[in-house]
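Notes to accompany the following structure.
Where a number appears in this text, it was derived from the coordinates with a stated rule and is not lab data. Note that this is a predicted model, so its numbers are computed, not measured. Neighbour counts run over all protein chains shown; Cβ positions are idealised from the backbone, glycine included.
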Amino acid sequence: MTTKTQLAAQPQHQADRAFRLILRFLARGYDRHLQRLDLSELDDHALNDIGLSRRDVEREIAKPFWR
């Protein structure tokens, strides 16, 4: 049986969950951004060592943070 308190708490629970999902999405995007900055600072020799070209890096850093 659902009480009035439980019913009242459901929208807040949904809002909290949505807020956490948004924060997680933004945190992942920021992490990607930082990784792409690091990648853009590698010289051609280091890129060659990891099997990437400068063009690969340019393509990667051109992506929006959510991709």
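The helix-based estimate of mean residue ellipticity at 222 nm for the chain, built from -39,500 (n - 2.57) per DSSP H run of four or more residues and divided by its residue count, is -25500 deg cm²/dmol to the nearest 500. Full extension of the chain segment joining Glu60 with Gln14 gains 13.1 nm, where the gain is 0.36 nm per residue of separation less the Cα-Cα distance. Put a plus charge on the Cβ of each Lys and Arg, a minus charge on the Cβ of each Asp and Glu, and nothing anywhere else: the dipole of the chain about its Cα centre is then about 660 debye. For the chain, taking the reciprocal of the average inverse distance between every pair of different Cα atoms yields a Kirkwood hydrodynamic radius of 14.9 Å.
Spin-label model, Arg24/His45: points 7 Å from Cα along the beta carbon direction are separated by 4.2 nm.
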